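Beneath this line is the structure, given in structure tokens, with notes to follow.
Nothing in this text is a laboratory measurement; each read-out follows from the coordinates by a stated rule. Note that this is a predicted model, so its numbers are computed, not measured.
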Amino acid sequence: MEFMDAISLTISSMLIVFLTLFIISLMLQSFDKIFKPEMPKQPVPVANAAPVAPVQTALDFTEEERTVVAVMASILAGEDSDNPNLHIKDVKRIR
């Protein structure tokens, strides 16, 4: 076997492997779209639910307190979801 035969065999083998991996990747992505659980389109209204307005106070927070509040809020909000996409925009104290 010559050197060029070995190179062509190596390249064709690598091409087959990469094409197989690409096809497997496409199959896995299609499974995600086919078997995706349906989410409810509108939130379910709660009977006799009154809106709760946050109470703003004139207390100042330290940076450490703001960080603790933001981390706890993100942990509690993303507790039950597989892939939470949470962004905390503002931290306000409520009573």
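For this structure, a couple of remarks:
- Added length on full extension, which subtracts the Cα-Cα distance from 0.36 nm per residue, E38 to I75: 10.9 nm
- Residue-span extension gain [T20 to D5] - 0.36 nm each, minus C-alpha spacing: 3.1 nm
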